[in-house]
Each structure stands twice: as C-alpha cells, then as structure tokens.
Amino acid sequence: MTRAPPSSVAIPGTTIPGMAPARPTGNGDITGFQRATALWQGLRGSAPERGARLALMAALLAAAPAFAAGAAPPHQAWSFAGPTGHYDPATLQHGFRIYADVCAGCHSLNELHFENLAGIGLSAADIRRIAATHTIPDGTDAAGQPKTRSARPDDAIPDPFPSPAAAAQALGGVPPDLSHITMTHRGGPDWIAAFLTGFVPPPPGVTVPPGRFYNRFLRTGVTAMPPVVASADDARAVTTFLQWSADPHLNARHRLGYAGLAYFAFLAALASALKRRIWKQPRR
Amino acid sequence: MTRGLLHWIDTRLPVVSAARREFRDYPMPVNLNGFWNFGAILTLSLLLMLATGLTLALTYVPNAGLAFASIQTIERGVPAGWLIRLAHQTGATLFMGALYLHIFRGLYYGSYKAPRELVWLTGMALLACAMVTAFAGYVLPWGQMSHWGADVITGAMAGLPVVGPTLSHLVLGDTHLGDVFLHRLFVVHFATAFAIVGIVVVHVACVHVAAPNDPDGRDPRSPRETVPFHPYFTAKDLFGLALAGGVFTALAAFAPGIVREAANLAPANPLRTPNDIVPAWYFLPFYGLLQIVPSKTLGLFASLAAIVLPGLMPWLDRSPIRSARHRPGFRIGMILMAAGFVTLGLAGAHHLQGLWGIAGRIAALAYFGVFVAVPFARRHPS
C-alpha cells in the first residue's frame, strides 16, 4: 500500500500546523476517515508536540457539530431529470462558456477530449478553434528538451496545472476533477448549483482564514474556491454542462429507450397473436 | 441445395437430426406456465453478454493504472461504446434477475426432485459461476466501488480458517489490491463466463434426457399431454423474450441507476474509503447476511450456506410430491423463503439501520429455517 508522502498539500480550510495533512477528498470536506487519521496522528510524537496536537484535535472535534451543519441544497427542477429528461444545446453551450472562462482556470476535466464537445452542439470548426487555443506537451526534441504544440480535436482537454503538486502549490489544495462531479459528489447537481451561489458572509463567531471563503453548503463552511459564478442562471447552466460531462449520452439513451419500448411492445403484440393462433390449432 | 448440404453433414455427424429431435419435435408438457420462459430469456441474455463482453474486451485494458481510462475511452471515444457497455451492464441485471426467478421456479415446482438432480446441481453450479463472473466484472472498471467492494470480499476471504491466507495470496498475488489482482480478475471474468456456456450445454442436455418438469409436478402420462417444442414453445418463448426485451430497454434507458453505480465513476483510491459501500443489487441478500452475522468468517459461511442449502434440496426434501401446488405447507415455506431472501437484500441495502436490523434477522431465520424444516415435512400427505 502506498501512502501519500507528507507535503505542503492541504485541504482547504483544514490546515493543521505540525501535522501531515490528509489526502484531499475531492469535495472540500473532511471525511470521517480523515478525522480518524488526524486523531491517530495527533496521538503520536513527543509529549509537547502531542499536547499541542491534541489541543488542536480537540478544537477540531469540538467544532465538528458546527461543520456538520452544512445547509441542505434546495431541490431544483432540471431539464435532464426524469424519463423525459434531456439536455438543451443552448444551456450546454452557455454552461461550457462559463466552464471555459472560469472553472477551467483551476479545475481539470480529465475524461473529456475536445471532440466530445460535438455533444453540446459545437461544430467541427468551433472545436478545432477551441482546441488550437491550448498548448500541450509534445514529447522531447532531439536534444531532449520538452516540446509543445497546439492541441487538436482528438486531444484530451489539458489540465490547468502540470501536476497536482503544482496545483497545490498555487492554490493551497488540489481542485477536484469535474468530469463526473455531479454524479460522484453527494447531493448531485442540486448541491453543485447551490454551492456555486452559496457564498455568504460568515456567521458571527466564525473566522475565515485569509485566502479562504465561507460557503453555507459546505460541512466545513470554508473553501479555497472563491465565488466566481455571477448568477443563479449561470450556476444552473454550468451545472447542466457538468451533468452532461458526467452523463453525455442521456439524449440518445432516452430516444433509443422510447424507440426500443415501442419496438418490443409491437413485437410482444405480434408474438402474442402468433402464440394464440398456434395454440388454437388441433394438437398432434 | 441447403437440404443437400445438411443431409451431407448429417450423414457424417448427425447434428442436424439431433437439433431437429431436441429443439423442434421435442415433446413438451402442454401445461407449462409463464415461469418456464426464463430458460429462453437466460439463453438470450447469455449470448448478449458474450457478444457485448467480447466487444468491450477489445478496448478494455486490465491494468490498475489504465483500466479506468480505458472504460472512459469506451464511454466517450469508441462509436456506440457507451451503448455496448450499457447493454452489458443491463444484461448482467437481466441475467441475474432471470436466474433468481428460474431457480425459484425450480424450487416451487419441485424441479430438483428425481430424476432431475443433475439438472438442479448443474443449475446451482451455474449460479455460483454467474456470481463469480458478476463480481469480477464489477471490479474491472477499477472505480471506487470496484476497489472497495473487492476490499470487502477479499478481506472476508482472507479471514477464512486454514485456506484463507493461501486463497488470499492466490487471488491478490500481492500485498494489496493492485495490478496483479485486477489482471487475475479479468482472466477469471472470461474463464467463468465461458464456463457458464459449458455448464449451460450440460444443463440443457440433462433437462432433455430427464424431460422437463411441469407446474403439476407429474410427468405427462400420454403423448396427448405433450406438444412439440416448435411451433408451440418457440412462439411462447418469443412472446416472453419480447416482454424481457421491454424490461431490458426500460432498465437501460430510464433506470440506469439500478444497473450501474454512480459512485464507481470516481477512480479507485486506496487511501479513501467511500462513506457507503453497497454491492450490485443481486448480491444484497448475501451482503445483508455478512452484516447480520457478527463474525466475518461465520458471515462468509452463512453466505455460502445460503447457496449450498438450496443446492442440497434433492436430498433435504424427501416428499414424493413435486409441486408446491399440491403441498400447502411447502408452498408457505417457499413463499417465506423468497420473502426472506428479498427482505435480507433490502435490509442489506439499508445497512440494518433501525427496523431493518430486526427485519433482516427475522428474514435470515425464515430463509434458513425453511431449509432446516424441509426434511421434517410430512412425507405422505393425506
């Protein structure tokens, strides 16, 4: 089993001095596992160290009930919900623009290639143009020096940082990949949309460290992500785009589903008529 | 032309006449009900699984570092790859669902009784193989649920007395769940899938030698009580298959949450335990048992017993009457057993929280109780 080596990587809002930071969870919250790891690590080391750590641990654990009080995201009506669910290309493209302008500065979208953007209704020319604005590594030249080139439609959308460590250095934490975030984060699209517009002044008594922001939909309350999405409308559009990223074949799946049900209903009706006719025949 | 060719083959290897004898003229009891459709549904599901599975294997890479990305290539890059994978995932649900109903049919109507013990044993071997195949298949995408589901199972396996450590070493091939394990499970997934095909051939041969059971559990007394397989049962199976196709389409298109796990869309991370580890729905009753029994090893034994006990039915049940239609007490037992199995699954899904803890324990008692009570059932009802 490999363990993450101690580094300067810290989870937004959970930096505990003198402790090996736990691994980022990808959703900005402390998990029970991390809390248990932190407790275990707090119990090791020399006596003064242990005392300091235990004091910090106690503070962290005492604050836990307040952390757990992250507001439940309000339920929203989504175009992609239910058996008639579908994506609207205009919303997807609106969402993609916000992703490209804002989210892509810090977050990766590892599983998508530029050509996949045909799924939100972009033309081949648009996709070529968007890909060409990105520069990606292209092996090494004869002298062994790294080369770069502009991206093509069949390239994966490049990460904003050369490595997770570089992202942590720049941002104080590794922003989660967004490819499947609406399906892997608890609360799903409702939570993502609520979080994007959930930045409020901290309640009295809560101090937010510099470079951190208070968001009422986080269990910890604090995140390294600044408020970047301007309106509820933009939040809904980018959430719809991210839902498309996680489940890109919804439109085709539902279309095929209705066609398939009609086909099998017709086949069942024919087979039932055939069966009845055959069983009426005088038997051998 | 075709006739001449078929005749030429048949005089050298009589497969054509055998096919006509076994699948066209074969005498079937006239009174079979809808429960007898599941054999055909299972055969078609199996063919679908082989066709989609072989196609997926063209792109899938059994490597801990590349497996997740190769699944994403199938989902996003390969034309219609997502559809083939969705059909494979839905096919697993359809196969396991049809298999459970097929087995219940066999228990309820006493299809396991002499002279059909081998039909029954090959069927139970098929269930065991299907479960291993399904588990291995669930691990292959190497998502969070793949990794942690495998962690639960291999952990329980390592806890087995005597053979545990050796078995664990054989399956893991390493100190942790990694590359070697994933590659081994890929091979297991293939090997058991084709073993299923072989067992099905023997299973069908056993059915055809012993003749099919019927809902009354008494063999047809005269040719007047039978009809040829074709066209009577080919037509009936076609109707059943059309309905199964409808269920398959509805699941795949409108309830993909049942056939696939959203949490598995996060790549496997050995350092982060998910909050909630739940297996595929068809393993839930066994997952419930693992949670109810306080010891890991005993839990595994209970899960094994839950499959082995129905396999022993030909020897546990000594009544000469086959069908539950004519055994009121046995009928209640069978309904209790089925209800217990389903309730165990629901309790497992709810992690035995609240009333599910009590319901699950009662369900486990009901399920095992039926198999304990069966040998004491009256042998000759009045």
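Read-outs throughout are calculated quantities, based only on the coordinates presented, and are distinct from any laboratory measurement. Please read these numbers as outputs of a predicted model, since none were measured by experiment. Here the Cβ is made from the backbone with ideal geometry for all residues, glycine too, and neighbour counts use every protein chain on show.
What order do you get for A:Phe266, B:Phe23 when you list them from fewest to most C-beta neighbours inside 10 Å?
Values: A:Phe266 11, B:Phe23 15.
Ordered from fewest to most neighbouring Cβ atoms within 10 Å, A:Phe266, B:Phe23 come out as A:Phe266, B:Phe23.
Can you put B:Phe229, A:Phe195 in order of Cβ neighbours within 10 angstrom, beginning with the fewest?
Ranking B:Phe229, A:Phe195 by Cβ neighbours within 10 Å, fewest first, gives B:Phe229, A:Phe195.
How many angstrom lie between the Cα centre of region B:46-92 and the Cα centre of region A:177-250?
Here the answer is 32 Å between Cα centres.
Go ahead and run the numbers for FRET between A:Arg97 and B:Lys296, Cβ-Cβ distance against an R0 of 60 Å, rounding to 0.05.
So, using R0 = 60 Å, E works out to roughly 0.70.
At R0 = 41 Å, how high is the FRET efficiency between A:Ala118 and B:His183 if r is their beta carbon distance? Nearest 0.05 is fine.
Result of the calculation: an efficiency of 0.75.
Could you work out the relative contact order of region B:278-382, using alpha carbon pairs under 8 angstrom and six or more residues apart, expressed as a whole percent? Could you put the intermediate results ahead of the total?
Numbers: 120 pairs, mean separation 38.8, N = 105.
Worked out over region B:278-382, it gives 37 percent.
Rounded if a/c is under 1.5, else prolate if a/b is larger than b/c, else oblate: which is region B:37-169, with a ≥ b ≥ c the root eigenvalues of its Cα gyration tensor?
oblate
Based on the mean of other Cβ atoms within 10 Å per residue, sort peptides B:28-35, B:70-77, B:135-142, B:267-274 so the most packed one is first.
Descending mean neighbour count gives B:135-142, B:70-77, B:267-274, B:28-35.
Cut-off under 16 Å on the C-alpha distance; same-chain residues fewer than 8 positions from B:Lys236 excluded. Which lysines are left, in chain and number order?
The qualifying lysines are A:Lys275, A:Lys280.
How do B:143-153, B:163-173, B:192-202 rank on mean C-beta neighbours within 10 Å, highest first?
On the way: B:143-153: 21.8, B:163-173: 13.9, B:192-202: 16.7.
The peptides rank, most packed first, as B:143-153, B:192-202, B:163-173.
Counting partner chain Cβ atoms within 10 Å of every residue's Cβ in B:74-82, what's the average?
Counting other chains' Cβ atoms within 10 Å and averaging over B:74-82 gives 3.
Based on the mean of other beta carbon atoms within 10 Å per residue, what is the order of B:179-188, B:245-254, most packed first?
Those peptides, ordered most packed to least, come out B:245-254, B:179-188.
Determine the shielding of peptide A:267-276 by partner chains: average, over its residues, the number of Cβ atoms on other chains within 10 angstrom of each Cβ.
Mean shielding by partner chains, rounded to a whole number: 6.
Zone of B:Arg218 (label point 7 Å along Cα→Cβ, backbone N under 20 Å): which residues in region B:110-125?
B:110-116
Taking R0 as 41 Å, what's the FRET efficiency between B:Thr175 and B:Asp25 from their Cβ-Cβ distance, rounded to 0.05?
Computed FRET efficiency for B:Thr175 and B:Asp25 comes out at 0.10.
By count of other Cβ within 10 Å, fewest leading, how are A:Leu171, B:Leu265 ordered? Don't jump to the answer; show the numbers that get you there.
Working: A:Leu171 17, B:Leu265 24.
Fewest to most other Cβ atoms nearby, the residues stand as A:Leu171, B:Leu265.
Given the -39500 (n - 2.57) contribution per DSSP H run of 4+ residues, what per-residue ellipticity at 222 nm results for chain B, rounded to the nearest 500 deg cm²/dmol?
Value at 222 nm, helices only, nearest 500: -22000 deg cm²/dmol.
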